[in-house]
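The values are calculated or read from the model by the stated rules, or taken from the named source; none is laboratory data. This is a predicted model, so every value here is computed, not measured. Ideal geometry is used to build each Cβ from the backbone, glycine not excepted, and the neighbour counts take in all protein chains shown.
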Amino acid sequence: MLTAWRRIPGPPRDPVKARLLRLYRALLARHGPQRWWPARTPFEVAVGAILTQHTAWAGAARAVAALAGARLVTAARLAACDLATLGALVRPAGTWRLKAQRLRDFTRWLLARFGGDFRAMRRAPLAPLRRELRAVPGLGPETADAILLYAAARPVFVADAYTRRVLARHRLLPRGVDYETARAFLEAHLPSDPALFNEFHALLVAVAKSHCRTIPLCGSCPLRFDLRGRPPARTR
């Protein structure tokens, strides 16, 4: 599942596709499978995606654990929980009043639209579904796409800041590229496979944290070969 590129028959005709897949293979060889998203259920994945907005995963993980301890990591129970209780539980994730409201809004949408069932989300037409999810208060494109990819297994690439930084430094994306342009680029040049998108995104985050930092550490980077002797492009 995590090496979806192996199922592509024959050499890719698209040179950008071929290059992206070379990067993917190099990252997989160095970092290994990332096995994102760490959660027991699709609903827990969605909760984590909302709680990790503008905060480190460690804080979001503590908030998810608190919800799990209170037996609130189900759509029906979370939707019925009062905001004060919910806010107190998700406090480790920061901006707890706002995140409690966002969890409530998303959960009520999920119950009203799909009866809380992520299997139904997997069958819905993707483009209208993404528009609906984006219309839920507080869900920006990155959070909505993380829910679609990691909770509903839909082929949407999460083109977050880490992804854009790495690919811009390798001159695959222009400097200062916006989220939607980067997402469309990746979805146009990669096989439409959620398993591939899942693993590739996680690997790009891994290399961004280990090597492609604000000041890049190119000497030992597994993607150094792709620069072809040039310095990385400036991203600022």
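When you scan the range 71-179 for helices (runs of 4 or more DSSP H) that lie fully inside it, which ones turn up with 3 or more residues that are within 20 Å of ALA60 (Cα to Cα) and either touching a Cys at 6+ places or on another chain (Cβ under 8 Å) or of a type in the set (D, E, K, R) (or both)?
96-114
Considering every residue within the range 194-211, establish whether at least one is in contact with a helix residue (DSSP H, G or I) (Cβ under 7 Å, 6 or more places away or on another chain), in a loop (DSSP other than H, G, I, E, B), of a type in the set (A, V, I, L, M, F, W, C) and in contact (Cβ under 8 Å) with a residue 24 or more places away in the chain.
Scanning the range 194-211, I find no residue that is in contact with a helix residue (DSSP H, G or I) (Cβ under 7 Å, 6 or more places away or on another chain), in a loop (DSSP other than H, G, I, E, B), of a type in the set (A, V, I, L, M, F, W, C) and in contact (Cβ under 8 Å) with a residue 24 or more places away in the chain, so the answer is no.
Each row is one residue, and each column tells you yes or no for (1) touching a residue at least 40 places away in the same chain (Cβ under 8 Å); (2) touching a helix residue (DSSP H, G or I) at 6+ places or on another chain (Cβ under 9 Å).
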residue	(1), (2)
VAL64	no, yes
LEU78	no, yes
ASP82	no, no
LEU86	no, yes
PRO92	no, yes
LYS99	yes, yes
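Pairs needed: first member in the range 111-140, surrounded by 11 or more Cβ atoms within 10 Å (Cβ to Cβ); second member anywhere, of a type in the set (Val, Ile, Thr) and assigned to a loop (DSSP other than H, G, I, E, B); C-beta distance under 9 Å; at least 6 residues apart or different chains.
GLY116/THR74; PHE118/THR41; LEU126/VAL156; ARG130/VAL156
Looking at the range 18-70, which of its residues are in a helix (DSSP H, G or I), of a type outside the set (A, V, I, L, M, F, W, C) and either closer than 24 Å to ASP193 by Cβ or outside the structural domain of ALA120 (by TED's automatic domain parsing) (or both)?
Scanning the range 18-70 gives ARG19, ARG22, TYR24, ARG25, ARG30, HIS31, PRO42, GLU44, GLY48.
When you scan the range 167-181, how many residues do you find that are under 18 Å from the mean Cα position of the chain (by Cα) and without any contact (Cβ under 8 Å) to a residue 24 or more places away in the chain?
Selection size over the range 167-181: 3.
Looking at this structure, is ARG183 in contact with a Cys (Cβ under 7 Å, 6 or more places away or on another chain), within 19 Å of VAL207 (Cα to Cα) and assigned to a helix (DSSP H, G or I)?
So ARG183 does not fit the description; no.
Give me a count of the residues in the range 182-191 that are loosely packed, with under 14 Cβ neighbours inside 10 Å and either touching a strand residue (DSSP E or B) at 6+ places or on another chain (Cβ under 7 Å) or touching a residue at least 12 places away in the same chain (Cβ under 8 Å) (or both).
Matching residues across the range 182-191 total 0.
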